[in-house]
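This report concerns only the one structure given below.
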Amino acid sequence: MEVADSVTCILLLILFCGSAAGNRKALYSFKAQENAIAMAPSSDNGICKSMVETHGYDCEEHTVTTQDGYILSMQRIPVGRSGGTPGNRPPVLLQHGILMDGITWLLLPPEQSLAFVLSDNGYDVWIANSRGTKYSKGHKSLSPKDPAYWDWSWDELVAYDLPATFQYIYDQTGQKLHYVGHSQGILIALAALSKDQLLNMLRSAALLCPIAYMGQMTSPLAKNAADNFIAEAVYWLGLSEFDPRGDAVVNLLKDICSKPGIDCTNLLTSFTGQNCCLNSSIVNIFLDHEPQPSATKNMVHLAQSK
């Protein structure tokens, strides 16, 4: 059974990798569940319009340009839904994990989504989106179609993205910031905070699911991918973008999830490991936004950290 599970995970990942250059399509349509409909984005006009303002919150779109030319999207929720005075609230930066983007902090209803909860409790909330994700694909001279655009790993997130993001928020607010990171967001913080530049702008840090080494992962798919050097194989095949949202995967998952008796919440545990907070009412919303692309080089670098 263990061997069969391993082979299944590897085959699934190969499908993901083989679809790396595929078109990004929504994996699922939204089902008629009230709480799911309330969370569904109304358009593709950006995170503020599609995921924040629909819940009655003010939201600002910001962009940050890194020293190596990447243009990153950030969203700011300056006050809670009940209003208040912007500008004098302590800023908090939310940094997502690997193969995700800033929407991960907004997928649940407002009373359960960390970004909204913090905003309603007096914080000036800033949401980061790492390079290569849907809303951070800009660059001063490169296109995402260029292999050179994807020539980075989490080393560059440490050297360029996080410092640029910290500095921008500090300049905008004049205050030291709280930092909340998840997964890769912790890895890059632990590395970047070894520099005095960021420490001098930091008030506190909360580490959610911190990672430094991959050996203790609970995701069967990710663990088998790392153990069997799948990312290295994809890299040597010349696929610079690691995009899990291509046609092959979309069609496979649509077919699997349409079968009677198939619970796609359980299917997702192959990717996330055991997850207390995924349920059938939000799984369609989750799959409409995640996973997000990353650089294959980044996946190789992560896989080497055992």
Inset, instruction - Report whether or not Gln175 is at pLDDT below 90, buried (at least 16 other Cβ atoms within 10 Å of the Cβ) and not hydrophobic (A, V, I, L, M, F, W, C). - result: no
Inset, instruction - Return the total of residues in segment 63-105 being assigned to a strand (DSSP E or B) and surrounded by fewer than 17 Cβ atoms within 10 Å (Cβ to Cβ). - result: 4
Legend entry - Identity of the residue in segment 44-62, of a type in the set (D, E, K, R) and outside any helix (DSSP H, G or I), that ends up surrounded by the fewest Cβ atoms within 10 Å (Cβ to Cβ): Asp44
Inset, instruction - Residue by residue through segment 51-91, note down the ones that are aliphatic (A, V, I, L, M), touching a residue at least 60 places away in the same chain (Cβ under 8 Å) and in contact with a Lys or Arg (Cβ under 9 Å, 6 or more places away or on another chain). - result: Ile71, Leu72
Inset, instruction - For segment 144-162, name all the residues that are more than 17 Å from Gly97 (Cβ to Cβ) and surrounded by 19 or more Cβ atoms within 10 Å (Cβ to Cβ). - result: Tyr149, Trp150, Tyr160
Inset, instruction - Using the structure shown, decide if Ile103 is under 28 Å from Trp150 (Cα atoms) and either over 17 Å from the mean Cα position of the chain (by Cα) or modelled with pLDDT of 95 or more (or both). - result: no
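The values are calculated or read from the model by the stated rules, or taken from the named source; none is laboratory data. As the structure is a computational prediction, the values presented were derived from the model and not from experiment. Glycine also receives a Cβ, built like all others from the backbone with ideal geometry; neighbour counts cover every protein chain displayed.
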